[in-house]
Amino acid sequence: MLLVEDLMLLLLDDETGTPAAAGTLPYALGGAVLVELALMGRVETDGKKVHAAGEGPLGDPLLQDAYDKVAAWGPGRRGAT
């Protein structure tokens, strides 16, 4: 899946080649990573919070790091994604 890369292309201004709305870029990228993990079945939501799901390595360092951060916010902890 290339969701994050696709998002980056969509965020680029056609004329300048720079990211449009650069102030929201971290949120857009974080959302894209979470969606990609959800499509892989590696995160789930209970309607309020995001929880880690599944087992095994992901093969992509960016996705693995995001998954590890979600997994570190186990049940009963506040502030997850």
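The values are calculated or read from the model by the stated rules, or taken from the named source; none is laboratory data. Just so it is clear, the structure is predicted and the values come from calculations on it, not from any experiment. Here the Cβ is made from the backbone with ideal geometry for all residues, glycine too, and neighbour counts use every protein chain on show. When the accessible area is computed, the model is the full protein with side chains, heavy atoms only, and any ligands, DNA or RNA have been set aside. Shrake-Rupley method; radii C 1.70, N 1.55, O 1.52, S 1.80 Å.
Which pairs turn up if I take residues in the stretch 30-45 that are at negative phi and in contact (Cβ under 8 Å) with a residue 12 or more places away in the chain and look for partners that are buried (at least 21 other Cβ atoms within 10 Å of the Cβ) and part of a strand (DSSP E or B) with beta carbon separation below 8 Å, at least 6 apart in sequence or on another chain?
Hits for this filter: 34/43; 37/43.
Quick check, is residue 45 touching a strand residue (DSSP E or B) at 6+ places or on another chain (Cβ under 9 Å), of a type in the set (Val, Ile, Thr) and at pLDDT below 85?
Taking the combined requirement at face value, the residue does not satisfy it.
Return the residue satisfying two criteria in turn: it lies in the stretch 46-56 and is part of a loop (DSSP other than H, G, I, E, B) and either touching a residue at least 12 places away in the same chain (Cβ under 8 Å) or within 24 Å of residue 9 (Cβ to Cβ) (or both), and of such residues it is least open to solvent (accessible area, probe 1.4 Å).
In this case the residue turns out to be 53.
State whether the residues of the stretch 15-23 include one that is open to solvent by 40 Å² or more (accessible area, probe 1.4 Å), under 12 Å from the mean Cα position of the chain (by Cα) and modelled with pLDDT under 90.
Scanning the stretch 15-23 turns up no residue that is open to solvent by 40 Å² or more (accessible area, probe 1.4 Å), under 12 Å from the mean Cα position of the chain (by Cα) and modelled with pLDDT under 90.
Could you please find all residues in the stretch 25-45 being open to solvent by 50 Å² or more (accessible area, probe 1.4 Å) and outside any helix (DSSP H, G or I)?
40, 44, 45
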